[in-house]
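Everything below concerns the one structure shown next.
No lab work stands behind these numbers, since they all come straight from the coordinates. If you're wondering where the values come from, they're calculated on a predicted model, not measured in any experiment. Cβ coordinates were reconstructed from backbone atoms using ideal geometry, including for glycine residues, and neighbour counts include every protein chain displayed.
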Amino acid sequence: MPQMNFRKFAPYLLVAGSICLSIEVLGLFWFSFYEGGFFYSRTKTTTQKPQEANIFTDDILMHPYFGFVLKPDTLISKNSWKNYYGGTEAEYTRLNPKKLRRNNYGYQQPEDYPLKNEEKDYFIGIFGGSVANAFVLTSGKMLSEALQKSPFFTDKNIRILNFSQPGYKQPQQLLTLTYFFALGQSFDMVINLDGFNEVALSGVNNLLGRHIAMPSMSHLIPLLGRLGLERSDIYDIEDFAKIHRIRHTLSKTKECLRQSHSAGIYFLNSLYENYLTWKHYHLSQKLEGNLAKHDFTKLTSISPSTSKNLEDAMQKITQFWFKNSVLMKDISERNKALYMHFLQPNQYDLPQNHETYPSQAIYSKDSPYREKVTLGYPLLRKTGEELKSNAVLFKDLSELFPTPFDSYYIDNCCHLSPKGNLEMTKSITDYVLKNLPESASLP
């Protein structure tokens, strides 16, 4: 039997080995630069990537009054727990399933609404978008325990009720409050934590030619697209299918990254994941743009924009925000509830004298929200002073976090890290304690 001449293949093996070694070394530098630390001693968790362009998911349903809600009687997924609430897989596994439940109206609350108020119960309703929603889940217990120490709450059983929904902006908080008051839900205190969605999502509405007071078109368009799929172009339907296939492939690629033992393979999978993320983002934007041009008048009524430009829209958005907050205060007080309003912080609201930008993990210069927050937040702060002049208990939290912001956020949208939620909870708790009425009942 003839023996193989290894010398003949030695140059090729040497080249192949050199290429593999180069990729491995490149992978080590890649990981050190983009992730930080040493690859071989890393914790095998899935890395955070830029947020998707929009929400193509079955987790959101149309609602006849509020526009959309999370699907009722379901649980938070493990991915949502990690990506939007900053939690870990270990926390998710040991959490009581009741805490992960969405109730009969799709709110992240173990109990169904309306909830009966027992004699010693003190109901605090939290209203807002996804940041308020995450605040209740991650810090609601901390808030209630801190408030419970006050003499004001002696012989009272504080219960935090979540009336927040991802993507909500005014007037959805006002409509929600009014709707549940009408259903018989009682509140002793109403906390409204908002601001980002008002300028960011209302700004997107204006860009799409829709009225700022309409629900977020970024959330509505995919839902309307599904409802009107029979009227969609065949290419749009194909794009829907492509997006779902990409999401499936992304999920598998992320798992490969998590399980990778080689820095070189990790590097190649990272490149592939970045490509898929880019493709998903741009394909989603394209599809959303196509759907935005569709005539949905046979499905629903969506008022057109009345603003000339973004600057004009921001002026109207902040005044609309003001009016809704005053109305929430009036309705709350008429129903014997104390109302407090907090302006949430956001990483795109940078100090005027900033010298550096936050990391790409939490700040994208290409974000559709950056310009809207930059224009809108100074107006919100100014309008907040007007709220105070109108006897609204208002607290500006927009400058709560010191720079750099990196440790206070978990994505490049708006969602806070556990550290960010902790600091925000402390500030909210202090403000609430300082502004409790002298007696247990309001005039």
* What are the GluC sites (Glu not before Pro) within segment 112-177 that DSSP puts in a loop, where the Cβ has at most 13 other Cβ atoms within 10 Å? -> 118, 119
* Of the listed pairs 99/254; 308/329; 120/336; 308/382, which have alpha-carbon separations greater than 20 Å here? => 99/254; 308/329; 308/382
* **Cα centroid separation, segment 375-422 to segment 326-340 (Å)** => 22 Å
* Please arrange 271, 207 by counting, for each residue, the other beta carbons lying within 10 Å of its beta carbon, fewest first. => 271, 207
* Asked: How would you classify segment 86-198 from its alpha-carbon gyration tensor, with a ≥ b ≥ c the square roots of the eigenvalues: rounded for a/c under 1.5, else prolate if a/b is greater than b/c, otherwise oblate?
  -> rounded
